[in-house]
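Peer 1: Could you have a look at this structure, given as C-alpha cells, before my questions?
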Amino acid sequence: MEDAPLIRLEQATKTYHLGDVETHVLRGVDLDIGSGEFVALQGPSGSGKSTLLHIIGLLDRPSSGRYLLRGQDVSQLDDDALSGLRNRLIGFVFQSFYLIPYASALDNVLLPGLYGDRPGHELRERAAHLLEQVGLGDRMRHKPSQLSGGQQQRVALARSLLNDPDLILADEPTGQLDSATSAEIMALLAQVNAQGKTIVVVTHDEETASHAKRRVLVLDGRIE
C-alpha cells in the first residue's frame, strides 16, 4: 500500500460569519503534500493562501472537509491535542519575525522548548548549534533591536527548528526583506529542505516562489 502523504486536505472549506454575512475563504480544497517536499502556495492578497497555511499548521480548523496529517484526521481534535501536535511536528516562520524584544537571540530560539520535556542543557546546546547553522554564532546574546531584519528572520528560522519538526511553514518569510536578504533566507530554507524537512511557503512574490520545487496557485479560495 502506498504511504499516505504528510499533508492531505479533502474538500476543505473555511467560512467566516459576521452577523448575517458569510465570507467563503476556502472552497473545497484538495491538496496533497508529501514528506520532504518544498512547496510554494502562491496567489494574490485575499486568495485564501494564508488561511490554508493556518489550517495546515493547526492554527485554524476547516469549516467542513477533512485534514489528515501523517494519515491522522486532525479536523476534530480538541485544542489541547492540536497544541501538542503543533509543538511536536510543526515549526513556523512569519513575515513579522515575532521575536521577544527583551530576550536574546538564544532565548528566542529556546521558546518552543518551554512546552516540552527535554532537559534545559540539551535545548541550549541545540539552540546554540542552530544559531551557528544560520550564521549567527557570534550574535547569540544580541537582542532583536541589535539585529538586522535578515538576522531576525534567521533567528526565527532557528527557533522553528528547535523541536526538530517534520514540517516548516513560512508565511511571507521575505515580505520585510530586500531582494538579496530574501535570497539568503530562501537558500537557508532550501538547505533545511535538503536535510529532509517538508517546507511550505506562502508568498505572492515570484522570486521567492522560484526557490520551491513545486508551486500551487490559490485563487478565490480554490486550488488552480
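The values are calculated or read from the model by the stated rules, or taken from the named source; none is laboratory data. Please read all numbers here as calculations on a predicted model, not as lab measurements. Cβ coordinates were reconstructed from backbone atoms using ideal geometry, including for glycine residues, and neighbour counts include every protein chain displayed.
Peer 1: Sort out which residues of segment 5-25 are at pLDDT 95 or above, outside any loop (DSSP other than H, G, I, E, B) and either crowded, with 19+ Cβ neighbours inside 10 Å or out of contact with any Leu (no Cβ under 9 Å at 6 or more places or on another chain) (or both), and write them in order of number.
Peer 2: Listed by number, the residues that qualify are 7, 8, 9, 11, 12, 14.
Peer 1: Take segment 76-93 and flag every residue that is farther than 18 Å from residue 200 by Cβ and buried (at least 17 other Cβ atoms within 10 Å of the Cβ).
Peer 2: Answer for segment 76-93, where residues must be farther than 18 Å from residue 200 by Cβ and buried (at least 17 other Cβ atoms within 10 Å of the Cβ): just 77.
Peer 1: Looking at segment 129-183, which of the residues that are among the charged types (D, E, K, R) and touching a strand residue (DSSP E or B) at 6+ places or on another chain (Cβ under 8 Å) is surrounded by the most Cβ atoms within 10 Å (Cβ to Cβ)?
Peer 2: The extreme case among them is 159.
To keep it simple, each residue is scored yes or no on (1) in contact with a Lys or Arg (Cβ under 8 Å, 6 or more places away or on another chain); (2) closer than 21 Å to residue 54 by Cα; (3) outside any helix (DSSP H, G or I); (4) polar (S, T, N, Q).
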{"residue": "173", "(1), (2), (3), (4)": "no, yes, yes, no"}
{"residue": "177", "(1), (2), (3), (4)": "no, no, yes, no"}
{"residue": "180", "(1), (2), (3), (4)": "no, no, no, no"}
{"residue": "183", "(1), (2), (3), (4)": "no, no, no, no"}
{"residue": "187", "(1), (2), (3), (4)": "no, no, no, no"}
{"residue": "207", "(1), (2), (3), (4)": "no, no, no, no"}
{"residue": "211", "(1), (2), (3), (4)": "no, no, yes, no"}
{"residue": "217", "(1), (2), (3), (4)": "no, yes, yes, no"}
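Peer 1: Taking the options 205, 220, name whichever one is farther than 21 Å from residue 133 by Cβ and without any contact (Cβ under 8 Å) to a residue 40 or more places away in the chain.
Peer 2: Numbers: 220 fails: without any contact (Cβ under 8 Å) to a residue 40 or more places away in the chain.
Just a single option satisfies the conditions, and that option is 205.
Peer 1: Which of the residues spanning segment 55-74 are at pLDDT 95 or above and within 24 Å of residue 174 (Cβ to Cβ)?
Peer 2: The answer is 55, 56, 57, 58.
Peer 1: Considering only residues that are crowded, with 18+ Cβ neighbours inside 10 Å and either under 25 Å from residue 186 (Cβ atoms) or under 19 Å from the mean Cα position of the chain (by Cα) (or both), which ones fall in segment 95-127?
Peer 2: 95, 97, 99, 105, 106, 108, 109, 110, 112, 113, 126, 127
Peer 1: Restricting to segment 138-182, give me the number of residues that are more than 19 Å from residue 96 (Cβ to Cβ), more than 14 Å from the chain's Cα centre (by Cα) and modelled with pLDDT of 95 or more.
Peer 2: 4
Peer 1: Sort through 172, 184, 206 and tell me the only one that's touching a helix residue (DSSP H, G or I) at 6+ places or on another chain (Cβ under 7 Å) and acidic (Asp, Glu). Don't jump to the end; show me each part of the working.
Peer 2: Details: 172 fails: touching a helix residue (DSSP H, G or I) at 6+ places or on another chain (Cβ under 7 Å); 206 fails: touching a helix residue (DSSP H, G or I) at 6+ places or on another chain (Cβ under 7 Å).
After applying the criteria, what remains is 184.
Peer 1: Please go through segment 81-131 and give me each residue that is of a type in the set (Lys, Arg) and under 16 Å from residue 53 (Cα atoms), ordered by number. Working first, answer last.
Peer 2: So in segment 81-131, the residues of a type in the set (Lys, Arg) come out as 86, 88, 118, 124, 126.
Listed by number, the list holds a single entry, 86.
Peer 1: Can you pull out the residues in segment 29-47 that are out of contact with any helix residue (DSSP H, G or I) (no Cβ under 9 Å at 6 or more places or on another chain) and at pLDDT below 95? Walk me through how you get there before you give the answer.
Peer 2: Our first condition is that a residue be out of contact with any helix residue (DSSP H, G or I) (no Cβ under 9 Å at 6 or more places or on another chain); within segment 29-47, this holds for 30, 32, 34-35, 39, 44-47.
Across segment 29-47, the qualifying residues are 44, 45, 46, 47.
Peer 1: Do any residues in segment 60-80 that are over 22 Å from residue 48 (Cβ atoms) have Cβ atoms under 7 Å from those of residues that are at pLDDT 95 or above and not hydroxyl-bearing (Ser, Thr, Tyr), where the two are at least six apart or on different chains, and which pairs are they?
Peer 2: Short answer, once both residue conditions are applied: 70/6.
Peer 1: Take residue 190 and tell me if it is of a type in the set (A, V, I, L, M, F, W, C) and over 17 Å from residue 42 (Cα atoms).
Peer 2: Spelling it out, residue 190 is indeed of a type in the set (A, V, I, L, M, F, W, C) and over 17 Å from residue 42 (Cα atoms).
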